[in-house]
Amino acid sequence: MPTLRQQLFRVKPIPTYSETAESGLKRSIGLVPLTMIGVGGTIGTGIFFILSEAVPIAGPAVIVSFIIAGVVAGLSALCYAELAGSVPVSGSSYSYAYSTLGELPAMGVAACLLLEYGVSTAAVAVGWSQYVNQLMFNLFGFHLPEALSYAPEEGGIVNLPAVVLIILCALLLIRGASQSAITNTVMVIIKVGVLVFFAAVAFTGWNADHFADFAPFGFAGVMTGAGIIFFSFVGLDAVATAGDEAKNPHRNLPIAIISALVIVASVYVLVALAGIGAQRAEDFDGQSAGLSAILEDIVGAQWPGTVVAIGAVISIFSVTLVVLYGQTRILFAMSKDGMAPKVFQQVNPRTMTPVRNTLIVSAAVAVLAGVLPINFLAEMTSIGTLAAFLVVSIAVIVLRCREPNLERSFKVPFYPVIPILSIIGCLWIIKDLRLVTIIVFLVWTAVVLIWYFFTGRRNSVLGRELAANTEANR
């Protein structure tokens, strides 16, 4: 009989490529769609909406906040790239933790990921509704009633556009992963083009005086801004959730993660620089559909804002699609391990997708999106993302020590400096988040771990396999 410590820290064997192909999901996603999953899941609400939340806190120095968040995300992305090439399975950092740190730490990471993906899906859907309203006003001259556009805390009854968006994404995901990936790729190309268009027009209204009081709230404001912004880097993790559906995952997953990071970081800094140069920092506070408003002020006409609003509607649809996909695949991996109910691993034989899983997740997220405000959702996503990135960086060090001869299609450069810097960076940003955010995160993690102790530990597939092997060797 294994001891409690042995049960809690039992490590799942690292699967081979052929084993992962037998998961029940179809390998249909190539390198370019994988990269677009990373870009599509990252560029969205973070740049179309979060400036209105972060600039009032950091001032023009929000550009530095973006750079800090990007550097920390970049360090973590390198760690993700190594693990994605070594442990190419669905489940992202949950699966990596299970194969390196053990079952209990994996469930702690699962709590982070469920929070990260579930809450971020709701957050980006809430941001989408603002641009839908802006687009409807520009095209047809009316808004949806406030009662159907805002959460109860913001004076409404339900955020109906956010709920509708999640339903549409769920229907697309049910049709198939490859169709969803192709749709996402088209959307990514459109939204990157729209953001480049925004920057080009915004630079015509450049005013260097907007940078005069660069950091009015000091370095503390810059770091708090980085913490809020960090939720917009969630899409880099989403690439790793496609391990069971990626073609040639050992090669393609690391390349896709790093390529997505380079594209995302470049676009974020470009748009933030153009936006601050075109509009005073104090004007961002409480601004709805901010990028559209900036262009309308510069040009004196609605059409540029309409173009950006169209790009935002498409962009945020893409983000919601990706993060909803990621959430379902994490629960799929957990269910296969016995850590979540079996309903989450059931694959429809016709579409080769986890249909019931998608419907359950979509219903839960739609409730969050309909009734919670975006500022709370953004911070909760950030802390979940940071905690997951932190564990991935630790897992790289552990796996290097435990499995030095493991085949790695990509290795983190300057090891162990980069994993250690990634760990420090994540902790550095976490400490500047609001206390209520940290408390809610700890309570949520405790709830998931209690579930594990009373249910998951007994239902563990790995635990049953180890017990069967022990019995057979007696």
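The values are calculated or read from the model by the stated rules, or taken from the named source; none is laboratory data. Given the structure is predicted, the values throughout are model-derived calculations rather than measurements. Ideal geometry is used to build each Cβ from the backbone, glycine not excepted, and the neighbour counts take in all protein chains shown.
Structural remarks
- Of the candidates ILE166, ILE182, the single residue that is assigned to a helix (DSSP H, G or I), surrounded by 14 or more Cβ atoms within 10 Å (Cβ to Cβ) and modelled with pLDDT of 85 or more is ILE166.
- Members of the range 2-26 found to be at pLDDT below 75, assigned to a loop (DSSP other than H, G, I, E, B) and touching a Ser or Thr at 6+ places or on another chain (Cβ under 9 Å), listed by number: PRO2, ILE14, PRO15, SER23, LEU25, LYS26
- Of all residues in the range 79-134, those being in contact with a Phe, Trp or Tyr (Cβ under 7 Å, 6 or more places away or on another chain), under 23 Å from LEU359 (Cβ atoms) and at pLDDT 75 or above number 4.
- Index of the failed condition, PHE414 passing every other in (1) of a type in the set (Phe, Trp, Tyr); (2) at pLDDT 85 or above; (3) closer than 30 Å to PHE453 by Cβ: (3)
- Within the range 428-470, tally of residues that are farther than 29 Å from PHE332 by Cα and either part of a helix (DSSP H, G or I) or in contact (Cβ under 8 Å) with a residue 60 or more places away in the chain (or both): 6
Listed here are the residues, each with its yes/no results for (1) more than 24 Å from GLY118 (Cβ to Cβ); (2) crowded, with 19+ Cβ neighbours inside 10 Å; (3) within 24 Å of the chain's Cα centre (by Cα); (4) not hydrophobic (A, V, I, L, M, F, W, C).
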site: LEU386; (1), (2), (3), (4): no, yes, yes, no
site: VAL412; (1), (2), (3), (4): yes, yes, yes, no
site: PRO416; (1), (2), (3), (4): yes, no, no, yes
site: CYS426; (1), (2), (3), (4): no, yes, yes, no
site: ILE430; (1), (2), (3), (4): no, no, yes, no
site: VAL443; (1), (2), (3), (4): no, no, yes, no
site: LEU449; (1), (2), (3), (4): no, no, yes, no
site: ARG458; (1), (2), (3), (4): yes, no, no, yes
site: ALA467; (1), (2), (3), (4): yes, no, no, no
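- Candidate set: the range 285-310, residues that are in a helix (DSSP H, G or I) and crowded, with 24+ Cβ neighbours inside 10 Å; chosen: the one modelled with the lowest pLDDT: GLY290
- Any pair with Cβ under 7 angstrom, 6 or more apart, that starts in the range 184-208 at a residue that is over 29 Å from VAL239 (Cβ atoms) and ends at one that is surrounded by fewer than 19 Cβ atoms within 10 Å (Cβ to Cβ): VAL201/ILE298; VAL201/VAL299; ALA202/ILE298; THR204/ILE298; GLY205/ILE298
- Number of residues in the range 341-373 that are out of contact with any Ser or Thr (no Cβ under 9 Å at 6 or more places or on another chain) and assigned to a loop (DSSP other than H, G, I, E, B): the value is 6.
- Among the conditions (1) closer than 24 Å to ARG408 by Cβ; (2) of a type outside the set (Val, Ile, Thr); (3) touching a Gly at 6+ places or on another chain (Cβ under 7 Å), the only one that ALA246 does not satisfy is (3).
- Yes/no for GLY176 being touching a Ser or Thr at 6+ places or on another chain (Cβ under 7 Å), modelled with pLDDT under 85 and more than 27 Å from GLY38 (Cα to Cα): no
- Candidates ALA256, ALA265, ALA281: the one that is at negative phi and buried (at least 24 other Cβ atoms within 10 Å of the Cβ) is ALA256.
- Residue check, PHE198 at pLDDT 85 or above and crowded, with 20+ Cβ neighbours inside 10 Å: yes
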